[in-house]
Each structure stands twice: as structure tokens, then as C-alpha cells.
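Heads up: the structure comes next, in C-alpha cells.
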Amino acid sequence: MTQQYKLTGLSCGGCVATFKKVLSQVEGVESIDVSPKLDEATVTMSQTVSTASLKDALASRTRFTIADKVDPSGNRPASINVPILQEIVTPSPKKMTQSYQLTGLTCDGCVATVKNKLLLVPGVKSVEINAARDEATVEMAGPISTETLKMALASSPKYTIADKSATASAPAATAAEVVLDEPEKSWLATYQPLLTLFAFITGVAGLAAWQNGAFDGMAAMRYFMAGFFLAFSFFKMLNLTGFADSYNMYDVLAKQWRGYGFVYPFIELALGLAYLTNFQPFATNVATIAVMGFSTIGVLQSVMNKRKIRCACLGAVFNLPMSTVTIVEDLLMVAMAVSMILIMA
């Protein structure tokens, strides 16, 4: 027999995998098909399995929720969630919290994946993640070693976790050892890597365009475009998977086909080589307008919706927020390509 359910809390492929793994361990469950876009699941069972049993399985190890998709009676089920009742009448033991430093977070899906993996560790009660600071606060029923938490993330080597603050049993830190909250970075400090790269490319392009005592504006733009695409594709290729994970959080095509996140850096590489060798200038400029213009759509949507995600322009190497700077960056390439076409006409 099969049953359909409504879900909440799934935000990435890691969430779906965790959801299926937990429910597959419930007695009577044979298979699970999940549709993340619809937040629905179809569960095939060898015997009747109550919704309460599925809820209990998820509640004990994740923060996902599940409910009957259709309730013919329109009434709440009469069954009582025993674990919840026990939590009400049984005094909870004293809990402890610990702060940790994380690395590898590049999008909202990463946050959800790390959170759900840590929640599977026995004794972990809750996990709060501050993606802006790459920090996690874990509430535990009792002491849990950092090594145990590291093992929980071992299946995803992209993510790491380490102690951030001293444990309760450690001696008090001296004034020099106290770790203060890092102040919010200024706009200039935040975008320093990007601005430095732009300045470097501009300088090299300007020097290359200075020929025979005269400055060639057309050559300067062509060299700038070549440097831009070659440098940006290089940073993306340093961690293709990390870039793809970030890119599919906002790019229109990458959302539908994750493979585009792996192909895109090579498209930039091809454009960079085409500009460097002056290969088919008209076709190269048209391709740039199409690629960068299409990329701008997803960036605009994210900025307008005020989504706090990382910009993937420099891959997963630098922690740059998505903002109007990203829009200007993409539209600058479009404007330069249009200008070069007009000059050639």
C-alpha cells in the first residue's frame, strides 16, 4: 500500500537523503519517493504504518515534519504522540551548549545539510548555525566530543567543525586568550578580493593595450574581458563542487540542472581564450551577452528577494555575499561586449 504526505524542512539534496534514510528504518516502510519541489513524499508500506510513527522517527533524529496530505475527516488524529507526552511530564535533564567553528558553508543548502547531520548524533538536542560567521551552537544532553561531531560530517568532507570556545571544565582563559566576536566587515573589506582582482586585470589590460606609444581602447576591453573570464574560471575550478553547490542556489538554469554548475566555469574559460586570441570577435561578444545576461537574471532575483547567500563569482574560495556588486559585475561584461560589437560595426 502507498500513502502520500506533506513535508516541511527539506532544503537540499542532503535533506532528502537524510529524510529517506530515517524513514526507511521505520518497520513496515518499503520505499520512499520524495518530491522536494512539491514538499511531498510517497511512502510504500508492507503493512499499515501510522503517521505518528513516521513523525516520531523524524522528530528523534531531524527537524523535518511530515503530515497526511489528505485528511478525509478534517479532524486531528486522536492518537497521542507518546514521546511528546513523556517530554511534558518528565523533567528534562540539565543540558549544555557548546560553540564551534565551521568551514565549507556556501549556501542555505549547506547550512541545512550540516544541521541535519549534527542532529543525527545521539545526545544532540538542537543546532543553531550562523552562516555569516561560520559558527554553530550545539545544545547537548551531555558532553559530546568534537571528534564525534567531526565523524558525523565525515561523509561530506567539504564541511569541517572545530572547537570555538573552551569547555565548561577548562580553566578560565586569560584576557589575551578570550576570543571576541569579530566585528562586521566594512564594504571595502568585504569586497577587497574582488576589487583587487579587478584592479589587477585592469592594469594588465591597460599595459597590454599600450602599443607603439598609443592606447588602443578596443584592445584594452578585449584584454580585460580575457583576463576577467580566465581569472574567474580559475577560481571556480579550484573547487568545482563547491562552486556548483553555490551556483545552483540562485542561477535559473543551474537550479533545474545541477550539471550546469560544473559546465559554467569551462564556458568562462572558453570565452577568456577566445578574447585572448581574438577568435571570431563578433560571435564571442554575442556569446558573452547571452551567458552573462542570462546569469544576471538569477542574481537579480536573489538580490531583490534579499536572500542572504554567497556569491559564486570567485567560486568557493572567497566568502563574498550576493549583492548589487554582483549585478554590476555581470552587466559590466554585457555592456563591454555590446560596446565592442558597436565599435566593430
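The values are calculated or read from the model by the stated rules, or taken from the named source; none is laboratory data. Treat the numbers as computed from the prediction; the structure is a model and nothing was measured. Positions of Cβ are backbone-derived with ideal geometry, glycine not excepted, and every protein chain shown enters the neighbour counts.
Of the conditions (1) surrounded by 15 or more Cβ atoms within 10 Å (Cβ to Cβ); (2) modelled with pLDDT under 75; (3) not β-branched (Val, Ile, Thr), residue 110 satisfies every one except a single condition; which number is it?
So residue 110 meets the others, but not (2).
Out of the stretch 17-50, which residues are buried (at least 16 other Cβ atoms within 10 Å of the Cβ) and of a type in the set (Val, Ile, Thr)?
The answer is 18, 22, 26, 29, 32, 34, 43, 49.
Does the stretch 308-324 contain at least one residue that is surrounded by fewer than 17 Cβ atoms within 10 Å (Cβ to Cβ) and farther than 25 Å from residue 113 by Cα?
Within the stretch 308-324, one or more residues are surrounded by fewer than 17 Cβ atoms within 10 Å (Cβ to Cβ) and farther than 25 Å from residue 113 by Cα.
Being part of a loop (DSSP other than H, G, I, E, B) and under 23 Å from residue 272 (Cα atoms) is the filter; apply it to the stretch 236-255 and report the residue that is modelled with the highest pLDDT.
238
Restricting to the stretch 110-165, count the residues that are part of a loop (DSSP other than H, G, I, E, B), among the charged types (D, E, K, R) and under 23 Å from residue 246 (Cβ atoms).
Adding up the residues that qualify gives 3.
Would you mind telling me which numbered condition in (1) crowded, with 17+ Cβ neighbours inside 10 Å; (2) farther than 24 Å from residue 284 by Cα; (3) of a type outside the set (A, V, I, L, M, F, W, C) residue 255 fails?
Of everything listed in (1) crowded, with 17+ Cβ neighbours inside 10 Å; (2) farther than 24 Å from residue 284 by Cα; (3) of a type outside the set (A, V, I, L, M, F, W, C), residue 255 misses just condition (1).
With the checklist (1) out of contact with any Gly (no Cβ under 8 Å at 6 or more places or on another chain); (2) within 21 Å of residue 198 (Cα to Cα); (3) touching a residue at least 40 places away in the same chain (Cβ under 8 Å) in hand, flag the one item residue 238 doesn't pass.
Status for residue 238: all satisfied but (1).
With the condition being under 28 Å from the mean Cα position of the chain (by Cα) and under 30 Å from residue 141 (Cα atoms), I'd like the strands (runs of 3 or more DSSP E) fully within the stretch 1-69 carrying at least 1 qualifying residues.
Answer list for the stretch 1-69: 2-8, 65-68.
Please work out if residue 186 is at pLDDT below 85 and either loosely packed, with under 11 Cβ neighbours inside 10 Å or in contact with a Leu (Cβ under 6 Å, 6 or more places away or on another chain) (or both).
Against the criterion (at pLDDT below 85 and either loosely packed, with under 11 Cβ neighbours inside 10 Å or in contact with a Leu (Cβ under 6 Å, 6 or more places away or on another chain) (or both)), residue 186 qualifies.
Out of the residues in the stretch 202-248 that are over 28 Å from the mean Cα position of the chain (by Cα) and of a type in the set (Val, Ile, Thr), which is farthest from residue 299 (Cα to Cα)?
Here the residue is 204.
Any idea which residue in the stretch 93-107 is farthest from residue 245 (Cα to Cα), counting only those that are of a type in the set (A, V, I, L, M, F, W, C) and either modelled with pLDDT under 80 or under 13 Å from the mean Cα position of the chain (by Cα) (or both)? If you could, list the steps in order and put the result at the bottom.
Taking the stretch 93-107 first, the residues of a type in the set (A, V, I, L, M, F, W, C) are 96, 102, 105, 107.
Those still in the list that are either modelled with pLDDT under 80 or under 13 Å from the mean Cα position of the chain (by Cα) (or both) too: 105, 107.
Numbers: 105: 10, 107: 7 Å.
Only one residue fits best here, namely 105.
Report the residue count in the stretch 200-235 for those that are surrounded by 14 or more Cβ atoms within 10 Å (Cβ to Cβ) and either under 30 Å from residue 105 (Cβ atoms) or touching a residue at least 24 places away in the same chain (Cβ under 8 Å) (or both).
The qualifying residues number 16.
Can you give me the number of residues within the stretch 189-218 that are under 16 Å from residue 329 (Cβ atoms) and not small (Gly, Ala, Ser)?
Qualifying residue count for the region: 12.
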